[in-house]
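Structure record follows, encoded as structure tokens.
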Amino acid sequence: MGNENLLSNGIIGAAIEVHKQLGPGLLESAYEGCLAHEFTLREIPFERQKALPVVYKGVKLDCGYRLDFLVNGLVVVELKAVEQLTPIHDAQMITYLKLANCKLGLLLNFNVKMMKQGIKRMALNL
């Protein structure tokens, strides 16, 4: 879990910087583009809009699921720009963690006054 924790600190730092520059109230896609740029500036390895197949009874199916970011193959990052995170967002993250075979996910809601209010860490099988 050490690598995931180090990565999550870098991811959160990048998200805080994006939020500091943009503030709340924009579309999720704007935050996604800026966060991708911030990851690049900080040399944080990531894949954006990573396809996530569903394996059903041994068959890989492309159901159109995409992770906002998969950071260094270890941490799932999902962005939101909503009034508040809800249980369905948690459920989505747990599913993504299982499908991606990852242990740590970060739900980042940019529609908050201070970014630290919009960060939710979710761990699977730790």
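The values are calculated or read from the model by the stated rules, or taken from the named source; none is laboratory data. Quantities reported herein were computed from a predicted structural model and do not represent experimental measurements. Neighbour counts are summed over all protein chains in view; Cβ atoms, including those assigned to glycine, are modelled from backbone coordinates with ideal geometry.
Quick check on the range 88-120: of everything there that is small (G, A, S) and within 11 Å of V76 (Cα to Cα), which residue is surrounded by the most Cβ atoms within 10 Å (Cβ to Cβ)? Reasoning before the result, please.
Looking only at the range 88-120, we keep the residues that are small (G, A, S), and these are 91, 100, 105, 118.
When the remaining residues are screened for being within 11 Å of V76 (Cα to Cα), the result is 100, 105.
Values: A100: 19, G105: 24.
Per the stated criteria, the residue is G105.
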Can you tell me which of A15, A36 is surrounded by 15 or more Cβ atoms within 10 Å (Cβ to Cβ), under 22 Å from E83 (Cβ atoms) and touching a Phe, Trp or Tyr at 6+ places or on another chain (Cβ under 8 Å)? A15
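Pull up the range 36-73, narrow it to residues that are in a loop (DSSP other than H, G, I, E, B) and hydrophobic (A, V, I, L, M, F, W, C), then point me to the one that is nearest to G13 (Cα to Cα). Even if it seems obvious, please write down each step before you answer.
Looking only at the range 36-73, we keep the residues that are in a loop (DSSP other than H, G, I, E, B), and these are 42-45, 52-53, 57-58, 62-65, 72-73.
Narrowing the set further to residues that are hydrophobic (A, V, I, L, M, F, W, C) leaves 44, 52, 63.
Values: I44: 11, L52: 26, C63: 32 Å.
Going through the qualifying residues, I end up with I44.
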Cβ pairs under 9 Å, 6+ apart, first in the range 14-43 and within 15 Å of Q117 (Cβ to Cβ), second of a type in the set (D, E, K, R) and assigned to a loop (DSSP other than H, G, I, E, B): G23/K113; P24/K113
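Residues in the range 1-26 that are outside any helix (DSSP H, G or I) and either over 24 Å from L97 (Cα atoms) or hydroxyl-bearing (S, T, Y) (or both): how many?
Start the filter on the range 1-26 by keeping residues that are outside any helix (DSSP H, G or I), which leaves 1, 23-26.
Those left that are additionally either over 24 Å from L97 (Cα atoms) or hydroxyl-bearing (S, T, Y) (or both): 23-26.
Number satisfying all stated conditions: 4.
Can you tell me which residue is surrounded by the fewest Cβ atoms within 10 Å (Cβ to Cβ) among those in the range 62-87 that are touching a residue at least 60 places away in the same chain (Cβ under 8 Å) and within 17 Å of G33 (Cα to Cα)? Steps first, answer last, please.
Start the filter on the range 62-87 by keeping residues that are touching a residue at least 60 places away in the same chain (Cβ under 8 Å), which leaves 71-72, 74-75, 77.
Now narrow it down to the ones that are within 17 Å of G33 (Cα to Cα): 71, 77.
Details: V71: 24, V77: 27.
Among them, the one singled out is V71.
Restricting attention to the range 74-115, report how many residues are among the charged types (D, E, K, R), part of a helix (DSSP H, G or I) and more than 19 Å from E28 (Cβ to Cβ).
The first filter runs over the range 74-115 and keeps only residues among the charged types (D, E, K, R), leaving 78, 80, 83, 90, 98, 103, 113.
Those left that are additionally part of a helix (DSSP H, G or I): 90, 98.
Next, only the ones that are more than 19 Å from E28 (Cβ to Cβ) stay: 98.
So the count comes out to 1.
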Give the residues of the range 62-82 that are over 14 Å from the mean Cα position of the chain (by Cα) and modelled with pLDDT of 95 or more, sorted by residue number. V82
